1. In square nanometres and to one decimal, what's the mean projected area of the convex hull around the Cα atoms of the range 82-278?
2. Taking 8 Å as the Cα distance limit and 6 or more residues as the minimum spacing, I'd like the relative contact order of the chain as a percentage.
3. Sort out the exposed loop GluC sites (Glu not before Pro) in the chain (DSSP loop, at most 15 other Cβ within 10 Å) and tell me the longest stretch that has none.
4. If the only charges are +1 at each Lys and Arg Cβ and -1 at each Asp and Glu Cβ, what is the size of the charge dipole of the range 82-278 around the Cα centre, to the nearest 20 debye?
5. Around V249, what is the net charge, scoring Lys/Arg as +1 and Asp/Glu as -1 over all other residues with Cβ under 13 Å from its Cβ?
6. Hey, rough spin-label estimate for S57 and E98, points 7 angstrom out along Cα→Cβ, what's it come to in nanometres?
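Computed from the coordinates by the stated procedures, all read-outs in this text should not be read as laboratory data. Computed from a prediction, not measured in an experiment: that's the story for all the values here. With ideal geometry, Cβ positions are generated from the backbone for all residues, glycine too; neighbour counts draw on all protein chains shown.
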Amino acid sequence: MKVSSIAQYLLPHRLLSHLAHRLAYSKTPWIKHRFIYTILANFDVNLSEAANPDPDSYESFNAFFTRALKPGARLADSDPQALVLPADGKVSQCGKIEHGRIFQAKGHDYSAAELLGNAELAKAYENGVFMNIYLSPRDYHRVHMPWTGTLTETLHVPGRLFSVSPGTVNDVPRLFARNERLVCHFDTDFGPMCSVMVGAMLVSGVQTVWNGINIPVYADRPKRIDFRGQNIQLERFAEMARFNYGSTVILLFPEGKVQLDAFEHQAPTVLGRRMGLKLA
């Protein structure tokens with residue numbers, strides 16, 4: 001295990017994320033400009049795609065980081081049977097859920113029951129398929145729907161805040177089942193679908209389109225919210241949530257309902273492009 005990964009066990013994850021939250025929302029000009037221009041200098045950010053391409057006009061670093069794209073910058077795949085990629089980023093892993101276990105990296109896996117925080121709901125994905133997409137600081141940080149679904153419930157699971165960079169993912173066992181996360185369950189015309197928003201070091205929250213910020217700065221116990229009967233339906237390609245800093249989204253689908261396309265490890269993803277086909 002790398003020294004940098006070992007050090008993360010010792011770091012005060014929540015304190016660092018709390019500080020990051022305060023700085024990200026600061027409207028003090030020199031603070032927000034310092035962070036915005038650090039990102040622009042170190043990452044290949046394409047501001048020409050942004051609805052607002054002027055970095056100086058954002059009221060805070062978080063407003064810049066979660067910026068909207070201009071109309072037409074991303075389009076959904078034209079095949080109505082195609083599931084679409086939910087975010088810009090890179091494929092961390094994708095493939096089959098083997099007897100309830102999800103591959104993380106060489107020598108590491110974790111269970112769907114751990115990830116979802118519910119063994120009963122995880123049974124729906126036994127031997128199904130999954131896709132894990134990592135969003136780096138350069139990426140558009142809003143996550144969209146791969147398929148039309150009706151929200152049934154969410155579960156906020158407090159946890160650690162390890163970095164989700166490729167090096168840490170290779171080193172830290174069961175990382176995605178240990179980090180703080182928001183588990184979002186949907187009903188679709190092929191059955192259940194789950195989208196898991198995983199927090200990480202310096203991630204200051206996850207904000208959904210249905211009820212705002214869902215990962216608070218501090219929480220000490222899981223929080224489940226039942227949305228059945230509220231008819232919250234999100235269409236394929238519609239915005240679902242946004243990260244207030246970069247992290248990971250993991251999608252789970254039942255066995256025999258979805259065929260994922262072949263993706264290489266670390267293959268780039270573009271929101272709206274085809275990720276697979278609905279079979280049922």
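1. Its average projected convex-hull area is 9.5 nm².
2. Once normalised by length, the contact order is 26 percent.
3. Of all site-free stretches, the longest is 127-234.
4. 220 debye
5. Summing Lys/Arg as +1 and Asp/Glu as -1 gives +1.
6. 5.1 nm
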